[in-house]
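> I have a structure here, written as structure tokens, and I will follow up with some questions on it.
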Amino acid sequence: MASRMARASAADGAGFPFDGAAVRANFPLLDQANGRGQPLTFLDSAASSQKPAAVLEAIDDFQRRDNANIHRGIYALSERATARYERARETVAGFIGADPRECVFVRNATEAINLVAQTWGRRNVGSGDLILLSEMEHHSNLVPWQMLAEEKGAALAHVRVTPEGGLDMDHLDALLRRGPKLVAVTHVSNALGTVNDVVEIVRRGHAAGATVLLDGAQSVPHLPVDVRALGCDFLVFSGHKMLGPMGSGVLYGKLALLEAMPPFLGGGGMIGAVGLERSTWAAVPAKFEAGTPAVADAIGLGAAVDYLVGLGMERVRAHEREVTAYGLARLGEVPGLTLYGPTDAAARSGVIAFSLAGVPARGVAAALDAENVAVRAGHHCCQPLMRALGIDALVRASFYVYNDEGDVDRLVAALATVGRGERVPGAAADGGACREAWSGRVAAVGD
Ligand SMILES: Cc1ncc(COP(=O)(O)O)c(C=O)c1O
């Protein structure tokens, strides 16, 4: 397998897909079956992806050999830990075309958005100002702005979603004429997979005088992303969706913006000098990294980026597009199944959302789980989007580097077992409040 992988990396031209099964062999967790011997078909990477052995080994190696607090110790162990942490930052920065000083390690995309709202937002958004979002946003890119708007007396407006699951660019233009302070939109929809034309959104947002934040939680793991080419002011993403550990995430911000922003959390690590009454702040990015950071997780994220770079992001994108196109074609043939989002695989990432006539989304997911096919069902932390589409919930299959056409075939075969019109015992009906019930148990809200 390793040699096949190496061939895929070294010999294939960028843009050519690789062998999903060969990649899969690098992910120990995926090598499992249920009690009936059915292999795990993991189709929920948009929630959290799995980790290749290289990432697990990097974390383990750090914990076994180099674990010490960083930026403090005057001893070799601490210096090695610091070097590995900062090397991970350089790796991540290189991956998105940024300067390492522009990359703040945070816990996840949600924390990154809250950081911007509570620092840049508090300083730059005032009473009557407009914050422009979209109906497509994950709750993480809605709620922090609602909190800021309430505190400041600012207004919110939302770009409409078209029936095809894209952003209505004419509506964007109309709202931009109101002169928003901030435009914050997702690069890729986690619920529909739509790839938004963010180059154009950034261009139009800047022309209207707005600062632009992009939610890259679903784009950075799946597409080549370059912050200089995008021109965005802020970009946020999470390590656990890109083969890295939970607890690792990144806020990218243009250097001048980060330097002008007040700190987020106060404490050790983010200070210049501390007096009893007043303190000064460290230079960025340390100014935003108060307390002991998740060092091993950052190092794991660096290893995940190395792995993705080894595959080639153009190739990752091409591979997912191929699997998605196959998935759209196969699922389109399933009786009673309705697909949501763009019909063209080139206009979406590796996400396919659907409903099955007569069966609640969670009932579909529970039935698929019985066949060892893991998908997500619910509102996908996009309740306003579900409302805009006139639905309560969707089933979502999401693909990544380790999936291939065989996974699609297993999904389609498993769908044939879903009892039409029957309630899966214990499966909650769709819709409802912010917590998603599944098989009668209450699960925490995921993505
Ligand atoms: C588009 C998008 N934004 C933000 C988030 C929040 O990510 P996290 O829970 O890692 O903060 C998610 C998670 O699913 C997402 O898909």
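The values are calculated or read from the model by the stated rules, or taken from the named source; none is laboratory data. Worth saying up front: this structure is predicted, and the values here are computed from it rather than measured. So basically every Cβ, Gly included, is an ideal-geometry build from the backbone, and we count neighbours across all protein chains shown.
> Could you check region 384-411 and list, in sequence order, the residues that are surrounded by fewer than 17 Cβ atoms within 10 Å (Cβ to Cβ) and of a type outside the set (D, E, K, R)?
Gly390, Gly406 - these are the residues of region 384-411 that are surrounded by fewer than 17 Cβ atoms within 10 Å (Cβ to Cβ) and of a type outside the set (D, E, K, R).
> Search region 350-398 for residues being under 15 Å from Phe42 (Cα atoms) and acidic (Asp, Glu), and hand back the single one that is farthest from the ligand (Cβ to nearest atom).
Ranking the candidates gives Glu371 first.
> Here's a follow-up. Return yes when Arg107 is away from the ligand (no atom under 11 Å from the Cβ), surrounded by fewer than 21 Cβ atoms within 10 Å (Cβ to Cβ) and either touching a residue at least 40 places away in the same chain (Cβ under 8 Å) or under 20 Å from Asn196 (Cα atoms) (or both) and no when it is not.
Considered against the rule, which asks whether it is away from the ligand (no atom under 11 Å from the Cβ), surrounded by fewer than 21 Cβ atoms within 10 Å (Cβ to Cβ) and either touching a residue at least 40 places away in the same chain (Cβ under 8 Å) or under 20 Å from Asn196 (Cα atoms) (or both), Arg107 comes out as no.
> Could you tell me whether region 278-295 includes any residue that is of a type outside the set (Phe, Trp, Tyr), closer than 24 Å to Asp66 by Cα, touching a residue at least 12 places away in the same chain (Cβ under 8 Å) and touching a Ser or Thr at 6+ places or on another chain (Cβ under 7 Å)?
Yes, some residue in region 278-295 is of a type outside the set (Phe, Trp, Tyr), closer than 24 Å to Asp66 by Cα, touching a residue at least 12 places away in the same chain (Cβ under 8 Å) and touching a Ser or Thr at 6+ places or on another chain (Cβ under 7 Å).
> Still on this structure, please answer the following. What strands (runs of 3 or more DSSP E) lie completely within region 209-278 and have 1 or more residues being away from the ligand (no atom under 14 Å from the Cβ)?
211-215, 249-253, 271-274
> When you go through (1) away from the ligand (no atom under 12 Å from the Cβ); (2) more than 19 Å from Ala318 (Cα to Cα); (3) in contact with a Leu (Cβ under 9 Å, 6 or more places away or on another chain) one by one for Asp197, which number turns out not to apply?
In the conditions (1) away from the ligand (no atom under 12 Å from the Cβ); (2) more than 19 Å from Ala318 (Cα to Cα); (3) in contact with a Leu (Cβ under 9 Å, 6 or more places away or on another chain), Asp197 misses (2) alone.
> Within region 115-144, can you find the residues that are without any contact (Cβ under 8 Å) to a residue 40 or more places away in the chain and buried (at least 21 other Cβ atoms within 10 Å of the Cβ)?
Ala117, Pro144
> In this structure, is Gly291 within 30 Å of Lys51 (Cα to Cα), out of contact with any helix residue (DSSP H, G or I) (no Cβ under 9 Å at 6 or more places or on another chain) and of a type outside the set (D, E, K, R)? Quick ask: steps written out before the conclusion?
Details: within 30 Å of Lys51 (Cα to Cα): yes; out of contact with any helix residue (DSSP H, G or I) (no Cβ under 9 Å at 6 or more places or on another chain): yes; of a type outside the set (D, E, K, R): yes.
Against the criterion (within 30 Å of Lys51 (Cα to Cα), out of contact with any helix residue (DSSP H, G or I) (no Cβ under 9 Å at 6 or more places or on another chain) and of a type outside the set (D, E, K, R)), Gly291 qualifies.
> Here are Ala208, Ala191, Ala229, Ala184: which of them is more than 29 Å from Ala345 (Cα to Cα) and in contact (Cβ under 8 Å) with a residue 12 or more places away in the chain?
Matching residue, one of Ala208, Ala191, Ala229, Ala184: Ala208.
> Same structure again: Any idea how many residues of region 133-172 are touching a strand residue (DSSP E or B) at 6+ places or on another chain (Cβ under 9 Å), under 23 Å from Ser349 (Cβ atoms) and within 16 Å of the ligand (Cβ to nearest atom)?
Selection size over region 133-172: 15.
> Here's something else I'd like to know. Taking the stated definitions as given, is Glu333 within 18 Å of the chain's Cα centre (by Cα) and not assigned by TED's automatic domain parsing to the domain that holds Arg101?
On the way: within 18 Å of the chain's Cα centre (by Cα): no; not assigned by TED's automatic domain parsing to the domain that holds Arg101: yes.
Here the answer is no, as Glu333 does not meet what is asked.
> Name every residue in region 48-64 that is within 14 Å of Leu308 (Cβ to Cβ), in a helix (DSSP H, G or I) and not β-branched (Val, Ile, Thr), in order of residue number.
Pass one, region 48-64, residues within 14 Å of Leu308 (Cβ to Cβ): 49-52, 54-55, 58.
Now restrict to residues that are in a helix (DSSP H, G or I): 54-55, 58.
Matches in region 48-64: Ala54, Ala58.
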